Amino acid sequence: MWYVNYFRYLWNAEFDSAKLQKKAKTSSKAAKKGKKKDGKGKLRTRVVTSLVMAAVATVWIFSGNAVYALGMALTVTLAQLEYYRMVLATGVVPARRISLVSSACLYATACFTPALHELVLPLSSVWVMAWFLLMRKRASTIAEISTTFLGIFYAAYLPSFWVRLRGLGSAIGDSTRFAFLNNLTPLLPAWMPRLMPSPDMWTMGAVVTWWTYLSIVFADVGAYFAGRYWGKTPLSSLSPAAGRASPNKTVEGVFGGMASACFFSVIGAWLMRWPYWLPAGIGYGVMLTLVALLGDLTASMFKRDAGLKDSGNLLPGHGGLLDRVDSYMFTAVPAYIFVRYGLTALGWGSI
């Protein structure tokens with residue numbers, strides 16, 4: 001029910017662009033006044049929310065390709081509507097209905113017919129333009145058309161590669177160092193559940209996806225604490241645009257997040273028996289950190305342009321769903337390419 005209610009909130013509550021713009025200005029002023037009030041209470045709320053999301057994501061990833069694809073489709077639907085909510089705050093009215101239809105097609109093909117997956121995006125351009133010409137009574141603007149396309153590309157197409165990554169490989173068996181868990185199962189009492197999921201759920205793609213999520217999470221955690229305790233050099237010293245998008249980020253925070261992501265990526269590379277696991281793990285961690293930062297800054301630019309503090313109000317201590325998953329929007333494609341083509345070229349035969 002909460003999903004339906006939040007969907008309705010994003011769809012109906014602030015469709016009036018003039019009202020939304022007025023609220024955006026109010027939210028921007030309130031954000032500036034309340035900036036110094038974020039204390040231990042908010043941090044505790046953020047931690048609890050993050051732990052709950054981590055538990056849900058773990059079960060979700062190891063529930064099979066179809067369940068994972070369905071969960072991703074439901075997630076990006078809300079993220080996409082949060083993006084369009086920010087667009088509405090600027091006075092632009094995108095075509096949301098046809099965008100959600102395109103998104104559903106992207107996730108269905110990514111899961112069941114991967115060979116056709118990348119054809120959906122160019123076909124969506126035909127559907128969108130037909131919608132603008134046939135379903136609207138006036139000529140649409142460049143801003144309306146471009147923001148509609150960006151919503152499909154940014155909030156649906158790019159993260160759909162998580163489904164492609166999750167679908168790689170077959171049952172793990174003895175191909176990784178996780179296989180020792182199988183040997184412990186016979187030692188457990190009959191009333192205890194198995195340590196390992198069924199083979200169709202415990203695949204190499206699922207493990208890579210889960211460990212990639214974990215590395216991104218700890219990149220965020222490492223960046224937060226490194227920036228909080230040692231951050232002195234604002235990110236604006238390297239990139240004025242990035243500094244304006246997110247004034248609180250520091251160079252030290254970026255390196256702290258990178259070190260944390262590399263640590264967990266190297267452990268994952270060793271456990272999954274990647275070829276040249278040390279440099280491969282470090283390279284993977286560096287890539288994830290930088291691309292995740294790009295996603296974070298992109299969402300910050302959207303919110304700043306819209307005059308909104310958060311993309312929504314779904315998650316306690318975080319704001320909207322997009323506020324929490326912005327780091328995952330751009331990382332799916334590089335992660336898929338790294339694993340599917342990079343590791344295969346190095347001789348990893350598990351995919």
key: Vicinal HN-Hα couplings computed from phi for region 115-130 (Karplus, 6.51 cos²θ - 1.76 cosθ + 1.60; Hz; Gly/Pro x)   = 5, 9, 4, 6, 7, 5, 4, x, 5, 4, 4, 5, 4, 5, 5, 5
remark   = Between Val126 and Phe153, the two model label points (7 Å from Cα along the beta-carbon direction) sit apart by a distance in nm of 2.0 nm
request  = Sort all Cα-Cα distances of region 264-351 into consecutive 5 angstrom bins from zero, then give the percent of pairs in each bin up to the one containing the longest distance.
outcome  = 3, 14, 19, 19, 13, 10, 10, 8, 4, 1
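Excluding Pro275 itself, calculate the net charge of residues whose Cβ lies under 15 Å from the Cβ of Pro275, where each Lys or Arg counts +1 and each Asp or Glu counts -1.
On the way: positive: Arg177, Arg273, Arg340; negative: none.
Taking every other residue near Pro275 into account, the sum is +3.
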inquiry  = Keeping all protein chains in the complex and leaving out DNA, RNA and ligands, what accessible area do you get for Ile145 with a 1.4 Å probe, in Å² to the nearest 10?
reply    = 40 Å²
query = Using Cα pairs under 8 angstrom and six or more residues apart, how large is the relative contact order of region 278-328, in percent?
reply = 34 percent
Accessible area (Å², per residue) of region 266-351, counting only protein heavy atoms and a probe of 1.4 Å = 40 Å²
inquiry  = So, R0 is 25 Å and r is the distance between the beta-carbons of Phe7 and Val56; what FRET efficiency does that work out to, to 0.05?
reply    = 0.85
inquiry  = I need the phi-derived Karplus couplings for region 244-250: 6.51 cos²θ - 1.76 cosθ + 1.60, θ = phi - 60°, integer Hz, Gly and Pro marked x.
reply    = 6, 5, 9, x, 7, 6, 10
note = Listed by chain and number, the residues whose amide H is under 5 Å from that of Lys249, excluding neighbours fewer than 5 places away on the same chain and using placed H, are Leu235
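The values are calculated or read from the model by the stated rules, or taken from the named source; none is laboratory data. Here the structure is a predicted model, which is why all the values come from computation and not from measurement. Positions of Cβ are generated from backbone atoms using ideal geometry, with glycine treated the same way; all protein chains shown enter the neighbour counts. SASA here: full protein model, heavy atoms, side chains in, ligands and nucleic acids out. Shrake-Rupley method; radii C 1.70, N 1.55, O 1.52, S 1.80 Å.
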